[in-house]
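First comes the structure, then the notes that go with it.
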Amino acid sequence: MLELKDVTYTVRENGEDINIIDHLNLTIGDGKFVVITGPNGGGKSTLAKIIMGVNPVNGGRIYLDGQDITYLSITDRAKAGISFAFQKPVVFKGIRVVDILKIASGRRISISEACEYLSKVGLCAKDYINRELNDSLSGGELKRIEIATVLARGTRFSIFDEPEAGIDLWSFGNLIQVFENIRNTVDGTVLIISHQERILNIADEIVVIEDGKVAKQGKRDEILPELIGTASAMNNACSILTKEA
């Protein structure tokens, strides 16, 4: 279980302190597939980085299964069982796919095991296992390889920050299939930051972040219809304003 209690993250702009995350309280249970969504600038990606330790908090506490991880380093949080996939995958040029999977797993894995992780994300293992991580790979391919590294780690809490960012529509369709597979087969908790309805539609729970706080949290069937209704109302209003103009 992950618990954030009264967490605040502040940045200083033009001599003024601005709360990006504002006394936020959030609890995420074990074994859940949770999607965090909300308006742009609401603090979603910042929250993901706070959980991983990329951004240090200015106040409040963070607990993982009762352990206070508030001031643990990124490395120590990774050792505690948290994985993080960035919006734009980090590319270690010159390293082969099989090597990055071995590094991610933290143990001696066989070629067949490495191939299994690639298969789980919809990549033909024989075509990718010995390829180098470089510019010859598309954004969608890099995304899926990064997800494979998270699976290879086998952590109890995995975070994906807007995995759909920067990939084409065809790759996005494959990405949805990957996350559906993860939802059905992975034992740990999965947390995804996303705007996409198709990703929201496979969530167990949805958390809405607005102005650095939790505006709503609940089961998908409770939250998603309201979100879709709100989006439709906003689109209609914009359409009316455009016609009037």
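Among the numbered conditions (1) hydrophobic (A, V, I, L, M, F, W, C); (2) at pLDDT below 95; (3) buried (at least 20 other Cβ atoms within 10 Å of the Cβ); (4) closer than 29 Å to Val214 by Cα, tell me where Ala78 comes up short.
(3)
Could you tell me whether any residue of the stretch 128-136 is part of a helix (DSSP H, G or I) and within 24 Å of Ala78 (Cβ to Cβ)? Give the steps one after another, and end with the answer.
Initially, the stretch 128-136 is screened for residues part of a helix (DSSP H, G or I), giving 128.
Now drop any that are not within 24 Å of Ala78 (Cβ to Cβ), which leaves none.
No - not one qualifying residue is present in the stretch 128-136.
Among the residues that make up the stretch 149-161, is at least one of them in a loop (DSSP other than H, G, I, E, B), among the acidic types (Asp, Glu) and surrounded by 17 or more Cβ atoms within 10 Å (Cβ to Cβ)? Walk me through how you get there before you give the answer.
Applying the first criterion (in a loop (DSSP other than H, G, I, E, B)) to the stretch 149-161 yields 154-156.
Now restrict to residues that are among the acidic types (Asp, Glu): none.
Within the stretch 149-161, none of the residues are in a loop (DSSP other than H, G, I, E, B), among the acidic types (Asp, Glu) and surrounded by 17 or more Cβ atoms within 10 Å (Cβ to Cβ).
Quick check: anything in the stretch 151-158 within 15 Å of the chain's Cα centre (by Cα), over 24 Å from Arg107 (Cα atoms) and aliphatic (A, V, I, L, M)?
No: the stretch 151-158 contains no residue that is within 15 Å of the chain's Cα centre (by Cα), over 24 Å from Arg107 (Cα atoms) and aliphatic (A, V, I, L, M).
Just checking, how many residues over the stretch 36-57 are surrounded by 15 or more Cβ atoms within 10 Å (Cβ to Cβ), at negative phi and either outside any strand (DSSP E or B) or among the aromatic types (Phe, Trp, Tyr) (or both)?
Result for the stretch 36-57: 13.
List the number of the failed condition for Leu142; all other conditions in (1) assigned to a loop (DSSP other than H, G, I, E, B); (2) within 22 Å of Glu180 (Cβ to Cβ); (3) within 18 Å of the chain's Cα centre (by Cα) hold.
(1)
Determine which single condition Val98 fails, assuming it passes every other condition in (1) out of contact with any Lys or Arg (no Cβ under 6 Å at 6 or more places or on another chain); (2) of a type in the set (A, V, I, L, M); (3) under 24 Å from Asn184 (Cα atoms).
With respect to (1) out of contact with any Lys or Arg (no Cβ under 6 Å at 6 or more places or on another chain); (2) of a type in the set (A, V, I, L, M); (3) under 24 Å from Asn184 (Cα atoms), Val98 is out only on (3).
Here is a list: Val190, Val186, Val214. Which entry is surrounded by fewer than 21 Cβ atoms within 10 Å (Cβ to Cβ) and farther than 12 Å from Thr37 by Cβ?
Working: Val190 fails: surrounded by fewer than 21 Cβ atoms within 10 Å (Cβ to Cβ); Val214 fails: farther than 12 Å from Thr37 by Cβ.
From the options Val190, Val186, Val214, the qualifying one is Val186.
Test Gly31 against the stated conditions and say whether it is buried (at least 19 other Cβ atoms within 10 Å of the Cβ), under 18 Å from Val207 (Cβ atoms), at pLDDT below 95 and not acidic (Asp, Glu). Break it down into steps so the answer makes sense when it comes.
Details: buried (at least 19 other Cβ atoms within 10 Å of the Cβ): no; under 18 Å from Val207 (Cβ atoms): yes; at pLDDT below 95: yes; not acidic (Asp, Glu): yes.
For Gly31, the condition - buried (at least 19 other Cβ atoms within 10 Å of the Cβ), under 18 Å from Val207 (Cβ atoms), at pLDDT below 95 and not acidic (Asp, Glu) - is not met.
Every residue in the stretch 8-32 that is within 17 Å of the chain's Cα centre (by Cα) and assigned to a loop (DSSP other than H, G, I, E, B), please.
Gly29, Asp30, Gly31, Lys32
In this structure, does Gln177 turn out to be modelled with pLDDT of 90 or more, on the phi < 0 side of the Ramachandran plot and not basic (Lys, Arg)?
Criteria not met by Gln177.
In contact with a Ser or Thr (Cβ under 8 Å, 6 or more places away or on another chain) and not in a strand (DSSP E or B): is that true of Ser171 in this structure?
Against the criterion (in contact with a Ser or Thr (Cβ under 8 Å, 6 or more places away or on another chain) and not in a strand (DSSP E or B)), Ser171 qualifies.
For Ser45, state whether it is of a type in the set (Gly, Ala, Ser) and closer than 19 Å to Ile193 by Cβ.
yes
What is the one condition in (1) in a loop (DSSP other than H, G, I, E, B); (2) hydrophobic (A, V, I, L, M, F, W, C); (3) at pLDDT 95 or above that Val90 does not satisfy?
(3)
Looking at (1) closer than 23 Å to Val186 by Cβ; (2) free of Cβ contacts under 8 Å to residues at least 40 places away in the same chain, which is the one condition that is false for Gly31?
(2)
The values are calculated or read from the model by the stated rules, or taken from the named source; none is laboratory data. Keep in mind the model is a prediction, meaning the values are calculated, not measured. Virtual Cβ from ideal backbone geometry, glycine too; neighbours counted across all protein chains shown.
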